[in-house]
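Only one structure is covered here, and it is reproduced in the block below.
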Amino acid sequence: MRLGWDGLGIHLSRSKRWLLRMAYAGVTLRRKLAEPVTLGVRVLLVRDSQVLLVRHTYRDGWYLPGGGVKRRETLEDAIRREAREEVGATVDDLRLMGVYSNFVEAKSDHVVVFVSEGFTLTPVQSSEIAELRFVPLSGLPAGVSPGSARRIAEYLERVDAAARRW
């Protein structure tokens, strides 16, 4: 099943897409210099042996939905907010899959990954998401981020992922 936002009027011109990419690059640079440690959340939204992936407007590739944790926000509140904002998901059940670290490119990212097999979707407009798509867990499309692909493989293998590299 493929869900797109074409019917909702989410069409960005090349110049707007370029501006979003430059803004993303600026935020990334600022984080590397001024915020040496980051905390994020991601979620595997799984239904009928398929997982929901998103493609952002500001970078290439397919990713698990998620984002940053705000000040005074619990991890669970953060992933519920991100799922709602990015893909319109209301998460009914949620379980912790693992905590991961990424130290590549001078980063100090920590990502907490959750799994939900019980959720509802209501399409939302998001300037961050170009497309979302349910894909077979065992047949991921080209361009899936390495971290997302590893998390999906671990989910399939039921690997204990208490503290691994992203």
Looking at (1) part of a loop (DSSP other than H, G, I, E, B); (2) closer than 28 Å to GLY139 by Cβ, find the lone condition where GLU73 falls short.
(2)
Are any residues in the range 129-144 farther than 12 Å from LEU52 by Cα and among the hydrophobic types (A, V, I, L, M, F, W, C), and if so, which ones?
ILE129, ALA130, ALA142
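Let's see how each residue does on (1) more than 13 Å from TRP62 (Cα to Cα); (2) touching a residue at least 60 places away in the same chain (Cβ under 8 Å):
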site	(1), (2)
ASN102	yes, yes
VAL113	yes, yes
GLY118	yes, no
ALA130	no, yes
PHE134	no, yes
LEU137	yes, yes
PRO146	no, no
ALA153	yes, no
The conditions are (1) out of contact with any helix residue (DSSP H, G or I) (no Cβ under 8 Å at 6 or more places or on another chain); (2) among the hydroxyl-bearing types (Ser, Thr, Tyr); (3) more than 14 Å from VAL54 (Cα to Cα); (4) in contact (Cβ under 8 Å) with a residue 24 or more places away in the chain, and THR74 fails exactly one of them. Which is it?
(4)
Hey, any hits in the range 53-62 for a residue that's over 25 Å from GLY26 (Cα atoms), β-branched (Val, Ile, Thr) and surrounded by 15 or more Cβ atoms within 10 Å (Cβ to Cβ)?
no
Close pairs from the range 17-29: first surrounded by 12 or more Cβ atoms within 10 Å (Cβ to Cβ), partner among the hydroxyl-bearing types (Ser, Thr, Tyr), Cβ under 7 Å, at least 6 apart
ARG17/THR57; LEU20/THR57; LEU20/TYR58; ARG21/TYR58; TYR24/TYR58
Based on what the data block shows, is VAL46 farther than 21 Å from VAL135 by Cα and in contact (Cβ under 8 Å) with a residue 60 or more places away in the chain?
no
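Read the figures in this text as sums done on the coordinates, not as results from a lab. What you see is a predicted model; the values in this text were computed from it and never measured. So basically every Cβ, Gly included, is an ideal-geometry build from the backbone, and we count neighbours across all protein chains shown.
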